[in-house]
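Written out below as C-alpha cells is the structure these notes cover.
The values are calculated or read from the model by the stated rules, or taken from the named source; none is laboratory data. Worth saying up front: this structure is predicted, and the values here are computed from it rather than measured. Cβ: placed from backbone, ideal geometry, glycine included. Neighbour counts: every protein chain shown. Calculation scope for accessible area: heavy atoms of the full protein, side chains included, ligands and nucleic acids excluded. Shrake-Rupley method; radii C 1.70, N 1.55, O 1.52, S 1.80 Å.
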Amino acid sequence: MDAMILGTDSRAFVVVESELDALMLHHQAGDLAGAVSVMTASVKKIESSVLSVLSSALCVLVSLDFDQAGAKGWPRWSASLPRAKRWPVPVGGDPGEAYV
C-alpha cells in the first residue's frame, strides 16, 4: 500500500499510521509540518517515495501508535532517517485520540 504524504514541500514531517491522523495533523498544523500516513507500524521496508521526501527534511517526528507495535516499528525509521525522532503522543494511543 502506498503511503499518503501531505505537504510534500514541508521542511518537517510527522509520520503516523492512520490516514485520518495524517489528515487531522495536516489540517491543524499543515503550515508547520507535513504529514505522512504509512498505514501500519510494522512496515517491512520504508517506501522509496517516502524516503525521498523525508530524507531532505530538517526534522521527522515519528508518531506511530503508542503501543507495542509502534515501539517495534521505530528502529526501521531511526536506521533509515538519522534526523528522525520518536515522538509518541502525550495522551491516548495515537494523534487522533490525543486531539480529542
Original post:
Carbon-plus-sulfur fraction of the accessible area of the chain, 1.4 Å probe, in percent?
Top reply: 57 percent
**OP:** Within region 1-77, report the trypsin sites (Lys or Arg not before Pro) that DSSP leaves as loop and that have at most 12 other Cβ atoms within 10 Å.
**Re:** Arg11, Lys44, Lys45
Original post:
Relative contact order of the chain: what whole-number percent is it, with Cα pairs under 8 angstrom and at least 6 residues apart?
Top reply: 29 percent
**OP:** Report Leu51's accessible area, 1.4 Å probe, all protein chains in place, as a number in Å² to the nearest 10.
**Re:** 50 Å²
**OP:** Send over a whole-number figure in Å² for the accessible area per residue of the chain, probe 1.4 Å.
**Re:** 57 Å²
**OP:** Bin all alpha-carbon pair distances of the chain at 10 Å intervals from 0 and give each bin's fraction as a whole percent.
**Re:** 18, 57, 25, 0
Original post:
If one puts a single equal scatterer on every Cα of region 1-58 and applies the Debye formula without solvent, what log₁₀ I(q)/I(0) results at q = 0.14 Å⁻¹?
Top reply: -0.32
**OP:** Pop a pseudo-label 7 angstrom from the Cα along the beta-carbon direction at both Leu20 and Arg86 and give the gap in nm to one decimal.
**Re:** 2.6 nm
Subject >> Rg over Rh [alpha-carbon atoms, Kirkwood Rh] for region 43-100 >> reply: 0.99
Original post:
In what sequence, highest mean first, do 52-59, 13-20 appear when ranked by Cβ atoms within 10 angstrom?
Top reply: 13-20, 52-59
Original post:
Size of the dipole of the chain about the Cα centre, Lys and Arg at +1 and Asp and Glu at -1 on the beta carbon, nothing else charged, in debye to 20?
Top reply: 540 debye
